[in-house]
Every structure is written in structure tokens, then in C-alpha cells.
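Enquirer: Below you will find the structure I want to go over with you.
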Amino acid sequence: MLLGHVNATGGGPGVFADLKSLKAGDVIEVGREDGTTAVFTVDRGEQYGKEGFPTLEVYGNTEGAELRLITCDGFDPATGEFEDNYVVYAVLDPGAGGAGE
């Protein structure tokens, strides 16, 4: 799981500003401490209200290696708060270096 901000301090774009542009089939590469790269394929993206956030679906155990990218979403200018979260679900692709290239 990786968490990141959609906006940066001072109002600029955050590390996950373009998270919602990821679509099924897109590839995410994550550098590992040992110098290898884990390759994940995006399955889907979902927007959830913070009140009904599906904690087990997002943070629960999975049968295989999976990745979740999570950021805030649903900015309400009236309150200045983000009312939702956006989650990208991705699965490890062992055939593309996921097992430790």
C-alpha cells in the first residue's frame, strides 16, 4: 500500500495528483530496496466516501501480492475538505519482473 497526497503544501500538485488517470492494464513499477523492480498491473480504480470506506477490501489480506495506491478525492470547496478517497487496485505481474527482476 502506498499513500500520497493529491495536492502539495502551497496548493501545487501532489505525488498522486494524476492517480485517477490510471486505467485497467496500466503498469506501475515499484523499486525495491534490493535494487529489483516489482511490476504491477492496474485492475481498477474506485472512489469511496470516507464515511463508507471499505476498510477490509482495501487493507485486507489478498491471495497474491497486490498494491493499493490511495489518495484523497472529492474536494468540497465549501468546507475545504476532501470527503472521499480514491483507491487504485493493482496486482503483481510475476511475468514482467514482479518476482524480482
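Enquirer: Just to be sure, is VAL6 of a type outside the set (S, T, N, Q), in contact with a Leu (Cβ under 9 Å, 6 or more places away or on another chain), surrounded by 16 or more Cβ atoms within 10 Å (Cβ to Cβ) and at pLDDT 95 or above?
Expert: Here the answer is no, as VAL6 does not meet what is asked.
Enquirer: Still on this structure, please answer the following. For region 31-42, what are the residues that are under 12 Å from the mean Cα position of the chain (by Cα) and either over 20 Å from ASP93 (Cβ atoms) or exposed (fewer than 15 other Cβ atoms within 10 Å of the Cβ) (or both)?
Expert: none
Enquirer: Where the second residue is among the hydroxyl-bearing types (Ser, Thr, Tyr) and in a strand (DSSP E or B) and the first is free of Cβ contacts under 8 Å to residues at least 12 places away in the same chain and farther than 14 Å from CYS72 by Cβ and lies in region 35-54, which pairs have Cβ atoms under 7 Å and are six or more apart or on separate chains?
Expert: Once the first residue is free of Cβ contacts under 8 Å to residues at least 12 places away in the same chain and farther than 14 Å from CYS72 by Cβ and sits in region 35-54, its partners that are among the hydroxyl-bearing types (Ser, Thr, Tyr) and in a strand (DSSP E or B) give PRO54/TYR48.
The values are calculated or read from the model by the stated rules, or taken from the named source; none is laboratory data. Nothing here was measured: the structure is a model prediction, and the numbers come from that model. No Cβ is skipped: glycine too gets one built from the backbone with ideal geometry, and neighbour counts run over all protein chains shown.
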